[in-house]
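Visitor: Encoded as structure tokens, here's the structure I'll be asking about.
The values are calculated or read from the model by the stated rules, or taken from the named source; none is laboratory data. Predicted model, so just to flag it, every value in this text is computed and none were measured. We place every Cβ from the backbone using ideal geometry, glycine too, and count neighbours over all the protein chains shown. The area values use the complete protein model at the heavy-atom level, side chains included, leaving out ligands, DNA and RNA. Shrake-Rupley method; radii C 1.70, N 1.55, O 1.52, S 1.80 Å.
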Amino acid sequence: MSDFPVTIYHNPACGTSRNTLAMIKAAGYAPTVVEYLKTGWTQDQLKGLITAMGGAARDILREKGTPAAELGLLVPEVSEADLLAAMVAHPILVNRPIVVTPLGTRLCRPSERVLDLLERKPDNFTKEDGEVVALKP
């Protein structure tokens, strides 16, 4: 199982993040769990994740429940460097969960997006709210 590493950048207060982590575990993986609100981010770490996703900092900027608006980050003129600096200073600004496996790196919203990153899928899965996830064979 360790031959297929799975890392999840996780916020345990987030239902989507909890469901994603539970799906990974239901598939038989023992992921590395990084609680980024505790550990924080480095600029290089964020740049690496964003590059691996093929996106930009704005793609992982979380608006809901964060100081993004108060910090003036929602206007399109804010630079990539300024967004990254804000995310390092305020880890809550990074949307979650981000999952990294040998199959790719992805923001897993909705949580089912994690299934494309796993070699094995769970036999079945029901989210916290009772929604049954349709699993592809």
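Visitor: Considering only residues of the range 99-114 that are open to solvent by less than 30 Å² (accessible area, probe 1.4 Å) and in contact with a Leu (Cβ under 7 Å, 6 or more places away or on another chain), which is nearest to Arg18 (Cα to Cα)?
Guide: Val99
Visitor: For the range 27-50, indicate whether the set of residues that are of a type in the set (S, T, N, Q), closer than 30 Å to Lys127 by Cα, surrounded by 13 or more Cβ atoms within 10 Å (Cβ to Cβ) and out of contact with any helix residue (DSSP H, G or I) (no Cβ under 7 Å at 6 or more places or on another chain) is non-empty.
Guide: Yes, the range 27-50 has at least one match.
Visitor: Could you grab me the full set of residues in the range 76-89 that are open to solvent by less than 70 Å² (accessible area, probe 1.4 Å) and in a loop (DSSP other than H, G, I, E, B)?
Guide: Hits for the range 76-89 are Val78, Ser79.
Visitor: Continuing with the same structure: Within the range 52-62, restricting attention to residues that are part of a loop (DSSP other than H, G, I, E, B) and either at pLDDT below 95 or over 17 Å from Ala13 (Cα atoms) (or both), which residue is most open to solvent (accessible area, probe 1.4 Å)?
Guide: This residue is Gly54.
Visitor: Next question. Report, by residue number, each residue of the range 126-137 that is in contact with a helix residue (DSSP H, G or I) (Cβ under 8 Å, 6 or more places away or on another chain), open to solvent by 20 Å² or more (accessible area, probe 1.4 Å) and either in contact (Cβ under 8 Å) with a residue 24 or more places away in the chain or assigned to a strand (DSSP E or B) (or both).
Guide: Lys127, Glu128, Asp129
Visitor: Got at least one residue in the range 69-80 being within 19 Å of Gln45 (Cβ to Cβ) and either touching a residue at least 24 places away in the same chain (Cβ under 8 Å) or under 18 Å from the mean Cα position of the chain (by Cα) (or both)?
Guide: Yes, the range 69-80 has at least one match.
Visitor: Is it the case, given these coordinates, that Gly15 is open to solvent by 20 Å² or more (accessible area, probe 1.4 Å) and on the phi > 0 side of the Ramachandran plot?
Guide: Judged against the criteria, Gly15 is not a match.
Visitor: If you don't mind, there's one more thing I want to ask. Of everything in the range 64-75, what is surrounded by 12 or more Cβ atoms within 10 Å (Cβ to Cβ) and of a type outside the set (Val, Ile, Thr)? Give them in sequence order.
Guide: Pro67, Ala68, Leu71, Gly72, Leu73, Leu74
Visitor: From Ile24, Ile8, grab the single residue that is outside any strand (DSSP E or B), touching a residue at least 12 places away in the same chain (Cβ under 8 Å) and of a type in the set (Val, Ile, Thr).
Guide: Among Ile24, Ile8, only Ile24 is outside any strand (DSSP E or B), touching a residue at least 12 places away in the same chain (Cβ under 8 Å) and of a type in the set (Val, Ile, Thr).
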